[in-house]
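Working notes, structure below.
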Amino acid sequence: MSVVTLLITLSLCQIAWILLGVRWVARKHDEIPLLISILLFYVFAFRFWALLQGWAPPVDLSNFGFNPIDSKGALDVHAIATLAESVLLSVYMLAQRRRVDVPDKLAPPELLVWLRPRVAAFGVICILGSLLAQRSVGAQLASGKSMGFEVSSYLSLFSLSLVGVAILMAALWKSRAFHPGGERFGVTLLFVAIIYLTFQPAMRFQFLGWFIAVTIILSSGQSFVRRAQVLAIGLVGAVGLFALAGELRNAEDPTVERGQSAWERFAFAEDANMLDGFVLLRQVYPELLGYSYGGEHLEIFERPIPRAWWPDKPVGGYINKLGIITAETGFTLGISPSLFGSFYQEGGIVGVVLLSIIYGFGFGRLVSFSTRIVPLTGLLLRGILAAAVVPLLRGGDLPGIYAWFGMSFWPCFLLLWLRRREFFARIPYPQQLVDGVPVRIERGRSGGHRFA
């Protein structure tokens, strides 16, 4: 079979998952499979077509000893990714069989009253802290320090805390916890500040993640048509800003042509080069570096240890492990291989399949659990998962990605922990709150509903 025929077959398989994701949203009100299938189609099938048609150039690291990316290598990677996507989504749908219903009242009023001022305080504190952290990092870089080896990641990643604050504010907005007028105006200003501080080339995947998560939170509980409209607008806006952030990474001259260039980066999948990264990774494992056999995931627990405390802490990413980048090189380099590339690093094709099963089951059980607890908490958990899926699917240096999650969602986890009994109270299913009290909804013979 020709390359084009195989590519069409694999692309149709990924399109089928998108269509199934749309059906899943209509039946289960659950956007996670659709989000995953759209992202994976874009970074694999669409990227392959862009390379094949010459719309975008492949990543070239030949000056570092890597072979050029060819059609056979790209096709092999696309086939592995399609297999992994099918396994992950199949297991997810088996593990998550519950419909995600979002009632009008998401939490008892006293819980919202407790949460509202604390979220606002977190917003102000994290915004001021981000400004100070960015200033400190800029001063250290100007003095000649290495970003990857000499600047504290706790400083450079502190702005990620705004991701968790944005999700909290969106959930409270959805709960109608903010009063019209001054409170909503103040929250709007906080959102604008968060957009300003997180709209950076280095944080564009995190920005895309929280933007999509907020869109999902605000559209939840609406009719299928209305939700589809909000999701479409939010997704288009998110990818447009993502492409612009990618253009800002290389742009030196702020001209009117930048918008056109940003559009071309999106339309030709120039930033979605995970297919290329996966091909390059397969040139390293297992020929140059042995499979990690779970070591990549075990490194998650050692990554939070500051390098100042452990100067000889092992570096992450195969580029660093090969010694191509050190503290003395003065540059950074890395092409993300997608989450499935990280799975391949752990154990080849077997690792891809096994870890796809584990992740699919974990995602599915998390969403299923979110339907059994206070609706506000469930909404927060699903928002966190949606925000995490985007950088996670990007892959590459999994310990670093999980470190991003810790820095992003600690405001959410801290507040949920402080009132964990109220937030994680189990409620009947299907669920509804009447005057803040969880009740069971039973379907009557006529097709209507009555409260039990």
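Points to keep in mind about this one:
- Here's the list of lysines a cross-link from LYS105 could span, going by alpha-carbon distance under 23 Å and ignoring same-chain residues fewer than 8 apart: LYS28, LYS174.
- The alpha-carbon of LYS321 sits under 21 angstrom from the alpha-carbons of these lysines, leaving out residues fewer than 8 places away in its chain: LYS145, LYS313.
- Charge tally in the Cβ shell below 13 Å around LEU208, where Lys, Arg are +1 and Asp, Glu are -1, LEU208 excluded: +1
- The ranking of MET407, MET274, MET169 by Cβ neighbour count inside 10 Å, starting from the fewest, reads MET407, MET169, MET274.
- Sorted fewest first by neighbouring Cβ atoms within 10 angstrom, THR5, THR188 come out as THR5, THR188.
- Proximal charge balance of PRO57 [Cβ under 10 Å; K/R count +1, D/E count -1]: -3
- Cα gyration tensor shape of segment 121-211, rounded if a/c is under 1.5, else prolate or oblate by comparing a/b with b/c: prolate
- Total formal charge among the other residues, if their Cβ is under 14 angstrom from that of PHE343, Lys/Arg +1 and Asp/Glu -1: -2
- Evaluating 6.51 cos²θ - 1.76 cosθ + 1.60 at θ = phi - 60° for every residue in segment 279-289, the Karplus couplings come out as 4, 5, 4, 5, 7, 9, 9, x, 5, 9, 10 Hz, glycine and proline recorded as x.
No lab work stands behind these numbers, since they all come straight from the coordinates. Keep in mind it's a predicted model, so treat the numbers as computed, not measured. Cβ: placed from backbone, ideal geometry, glycine included. Neighbour counts: every protein chain shown.
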